[in-house]
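Asks: Handing you a structure now.
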Amino acid sequence: MFKQNFISTALVQYLEVSAEQHGQRLDNFLLAMLKGAPRSLIYRVVRTGQVRINKGRGQAGLRICVGDRIRIPPLRLATEKPAIRPLSNDLRKLEASILYEDNKLIVLNKPAGLAVHGGSGVNYGVIEALRVLRGQELELVHRLDRDTSGCLMLAKRRSMLHWLHQIIQNNQLEKHYLALLAGRMPRPKMQVDAPLRKNTLQSGERVVRVDANGKSAQTEFKRLQQFAAATLVEVHPFSGRTHQIRVHAAHLGMPVAGDEKYGHRENNIHFKSIGLKRLFLHATTLKIPQADGHGSIEITAPLDPVLEEFLGKL
């Protein structure tokens, strides 16, 4: 198997969004249309304003609409190189982690440490591996951080992808997480309403900060179990911003245990000394409304035994 590497220029392309593509994020649309293009290149041409929607500047997270005219800058196919096949162990692990599957949708319990897609030094992720197992038509519906485990949805059909993007946009998809926070939560339930903004450091690392000029974000934390120096909580994010739970937890002064980006070094050293080797954040439940309006599908991902064992030590 070979993949193409887009590295220089050829001709400008103009594409019109079809009814099936309506509601997709711009970055997902470009990834689907420019098969094999490095993800980093796609985000770069969007970030630098080279991708235009109806003559206006495009943004990666913008939802496109049927009839939109999208300008794609000049990109040329260069040399081919062999695609890296996912390791057999990862394929077996993902096959065993599937929680729900029908003719339109797959929901799996994503293992911690496995990215949802390749790029930025990652040879492959969940989507590339699942395409080996189930075929090239699979598309990621949403994302989870590499170090977060739990429920992840992949659509088998464009119609399902469009439907799920619609219900996510309308806040009809209910998601719950389990997290261990550093410190003792003073009240049984706490809600954070703080706008979030993505920033890029000089090193190129992307971080998210609470910023009055950011996008609105709301998260509810519900205390489940109190420990001496930590609190196990159920988390309900009402919006779906990048790193939302982690940043809002840190904003409360109680970062997620094991969070190297937004947590406290001293806390992480303590948790590591008693056995925590990963971020303690798990997407535990999805409640997906049925397309026909009758009821919903509720899917639960069991907590990683490693995290269960760690809770026992607390």
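Where a number appears in this text, it was derived from the coordinates with a stated rule and is not lab data. These numbers come from a predicted model, not from an experiment. So basically every Cβ, Gly included, is an ideal-geometry build from the backbone, and we count neighbours across all protein chains shown.
Asks: Among Leu279, Leu105, Leu34, determine the one that fluctuates most according to a GNM of the chain built with springs between C-alpha atoms less than 10 Å apart.
Replies: Checking each option, the largest mean-square fluctuation is seen for Leu34.
Asks: I would also like to ask the following. Report the extension gain between Asp193 and Ile274 in nm, rounded to one decimal, defined as 0.36 nm multiplied by the number of residues separating them, less their alpha carbon distance.
Replies: 25.9 nm
Asks: While we're here: Which of Arg57, Arg187, Arg39 moves the most in a Gaussian network model of the chain with Cα springs under 10 Å?
Replies: Arg187
Asks: For region 200-314, would you read off the P(r) tail past 17 Å as a percentage of all alpha carbon pairs?
Replies: The share of Cα pairs beyond 17 Å in region 200-314 comes to 63 percent.
Asks: Please check: in the Gaussian network model of the chain (C-alpha springs, under 10 Å), which one of Gln136, Gln166, Gln218 has the largest mean-square fluctuation.
Replies: Gln136
Asks: Moving to a separate point now. Just to confirm the number: angle between the C-alpha axis of helix 158-169 and the first principal axis of the chain, 0 to 90 degrees, nearest 10?
Replies: Roughly 50 degrees between the two axes.
Asks: OK, next. Out of (i) 27.5; (ii) 20.8; (iii) 17.3, which label holds the value of mean projected area of the Cα convex hull in nm² that was computed here?
Replies: (iii)
Asks: Also: So if I average 1/r over every pair of distinct C-alpha atoms in region 132-208 and take the inverse, what Kirkwood radius in Å does that give?
Replies: 16.3 Å
Asks: Now, a different point. For Arg131 and Asn170, compute 0.36 nm times the residue count separating them, minus their Cα-Cα distance, and round to one decimal in nm.
Replies: Result: 11.2 nm gained on full extension.
Asks: Once you list every other residue whose beta carbon is under 10 Å from the beta carbon of Asp211, what net charge do they have if Lys and Arg are +1 and Asp and Glu are -1?
Replies: It works out to a net charge of +4.
Asks: Arg44 versus Leu201, label points 7 Å from Cα toward the beta carbon: distance in nm?
Replies: The two pseudo-label positions are separated by 2.2 nm.
Asks: Sticking with this structure for a sec: If the cut-off is 27 Å between C-alpha atoms, which lysines fall inside it for Lys277, apart from same-chain ones fewer than 8 positions away?
Replies: Lys93, Lys110, Lys175, Lys198, Lys222, Lys261, Lys313
Asks: Which distance in nm do the two modelled labels at Leu224 and Arg265 give, with both placed 7 Å along the Cα-to-Cβ direction?
Replies: So the label points at Leu224 and Arg265 sit 3.1 nm apart.
Asks: Sticking with this structure for a sec: Towards the positive end of the charge dipole of region 117-231, with charges on Cβ (+1 Lys, Arg; -1 Asp, Glu), say which of Leu161, Leu180, Thr148 has the farthest Cα.
Replies: Towards the positive end, the residue furthest out is Leu180.
Asks: Please rank Leu94, Leu180, fewest neighbouring Cβ atoms within 10 Å first, as an exposure proxy.
Replies: Placing the least packed residue first, the sequence is Leu94, Leu180.
Asks: Could you list Val192, Val126, Val66 so that the one with the fewest beta carbons within 10 Å of its beta carbon is first and the one with the most is last?
Replies: Fewest-to-most Cβ neighbours within 10 Å comes out as Val66, Val192, Val126.
Asks: Sorting Val132, Val12, Val235 on the 10 Å Cβ count, fewest up front, what's the list?
Replies: Val12, Val132, Val235
Asks: So, one more: Run lengths n ≥ 4 of DSSP H only: what is the helix-derived mean residue ellipticity at 222 nm for the chain, with -39500 (n - 2.57) per run over all residues, to the nearest 500?
Replies: Calculated mean residue ellipticity at 222 nm is -6500 deg cm²/dmol.
Asks: A further question follows. With θ set to phi - 60°, apply the Karplus curve 6.51 cos²θ - 1.76 cosθ + 1.60 along region 25-40 and write out the HN-Hα couplings as whole Hz, x wherever there is a Gly or Pro.
Replies: 5, 4, 5, 5, 4, 5, 4, 6, 7, 10, 3, x, 5, x, 4, 4
Asks: Over every pair of different alpha-carbon atoms in region 85-164, take the mean of 1/r and invert it; report that Kirkwood radius in Å.
Replies: Mean inverse Cα-Cα distance, inverted, gives 12.5 Å.
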